[in-house]
Structures are given as structure tokens and as C-alpha cells.
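The values are calculated or read from the model by the stated rules, or taken from the named source; none is laboratory data. The model shown is predicted, which means the values in this text are computed figures rather than measured ones. With ideal geometry, Cβ positions are generated from the backbone for all residues, glycine too; neighbour counts draw on all protein chains shown. Accessible surface is based on the protein model in full, side chains and every heavy atom, while ligands, DNA and RNA are left aside. Shrake-Rupley method; radii C 1.70, N 1.55, O 1.52, S 1.80 Å.
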Amino acid sequence: MKILFVVIFILSSLIIGANSFLVQDEENIGKILFDKTCSSCHTGGFKGWMTGAPKMGDWDDWEVFFEQGLPVMTKHINEGTKRHEIKGGCTDCTEKQIKAAIEYIMSKTKKEIKK
Ligand code: HEC
């Protein structure tokens, strides 16, 4: 009987361990995708300047886009617009991953509250 408890204990801690790994992964999806795909245009630099892409962290660049709201921006990037490649070029990315990348941009671009 005792051995059964030990086995259950080990199994459940494995499951909990795997779970927290997944949760952490979920939070990082946006950052990983951003760094891999979106950063080439959205962190300024030469390509950012060439394309005129709004720069992450720059509220003034993003304000007009953020005003549309997350669902509209997500739709634009997933389906592409005249000025934006579908999924920023990451065609095998899921819509959820794209949304996570936009949320990541938003989390890093907050309006400074002027005192
Ligand atoms: C080839 C350069 C390039 C890449 C790569 C790129 N973007 Fe963009 N992005 C742009 C440009 C240029 C604009 C401004 C578009 C406009 O003026 O309509 C823009 C605008 C946006 C907007 C606002 C657009 C709207 O109409 O709502 C979002 C959100 C966005 N990008 C997210 C992303 C995400 C997420 C990725 C990575 C998956 C990405 N971009 C990759 C160039 C790029």
C-alpha cells in the first residue's frame, strides 16, 4: 500500500512540474515569436526605418494602432493588410501565437504618465 502512495506522489509531482513548464511557455510565446520574426522591423534600426514600422516601446508610434484595439490588430496581422505582410511573414505561426506577440508589444509599450 505504501509503495502505491509513493508512486502516486511521484506521478503527481511530475504532472504538476510539466504543467508549470507549459504555463511558463505560454507566457513566453509572444516574446519568442517577437524576437524571432517581428523584431527585425519593430525595433527600429535600418529595416524599421525603411519600412516605417512602429517601434516597440514608442507610444507615439503605436497610439493610432492601439486605438483600434487588440482584436482588430490581431485580425490585421493574421490576414495581412496593404501595408503588412500576413503574420509578419511567419506563415506557420498560429493566430494565437500572433496575438501573443501583439500582446507582448503592448506590454512593452505603455504610455508614460506625465506628472
Ligand atoms: C517586414 C517588416 C515587418 C515585420 C517582419 C513585422 N511588421 Fe508589423 N508592421 C510593419 C509596418 C511597416 C507596420 C505599419 C503598417 C501600417 O502603417 O499600416 C506594422 C504594423 C503592425 C501592427 C499594427 C497594424 C494594424 O494595422 O493594426 C501590428 C499589431 C504589428 N505590426 C504586429 C506585428 C507582429 C506581431 C509581427 C511579427 C509576427 C510583425 N508585426 C512583423 C512591418 C513589419
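Over the chain, give the accessible area per residue in Å² for a 1.4 Å probe, as an integer.
Counting only protein heavy atoms, the per-residue value for the chain is 76 Å².
So for 58, 92, what's the accessible-area order with a 1.4 Å probe, most first?
Numbers: 58 55, 92 130 Å².
Sorted by accessible area, descending: 92, 58.
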Counting only protein heavy atoms and a 1.4 Å probe, tell me what percentage of the chain's accessible area is made up of carbon and sulfur. 63
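Are any of the pairs 31/82; 55/82; 36/75 more than 23 Å apart by Cα-Cα distance, and if so, which? All intermediate terms of the calculation are to be shown ahead of the outcome.
Working: 31/82 25 Å; 55/82 19 Å; 36/75 20 Å.
Over 23 Å Cα-Cα: 31/82.
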Taking a 1.4 Å probe, which of 60, 35 shows the most accessible area, and what order do the others take after it? 60, 35
Under the rule of at least 5 residues apart or a separate chain, name every residue whose amide H is placed under 5 Å from the amide H of residue 44. 56
I'd like the accessible area for residue 76, computed on protein heavy atoms only with a 1.4 Å probe and all protein chains in place. Round to 10 Å², please. 70
Rounded to the nearest 10 Å², what accessible area does residue 62 show when all protein chains are kept and the probe is 1.4 Å? 20
Tell me, which longest segment in the chain has none of the GluC sites (Glu not before Pro) that fall in DSSP loops with at most 15 further Cβ atoms within 10 Å? 1-66
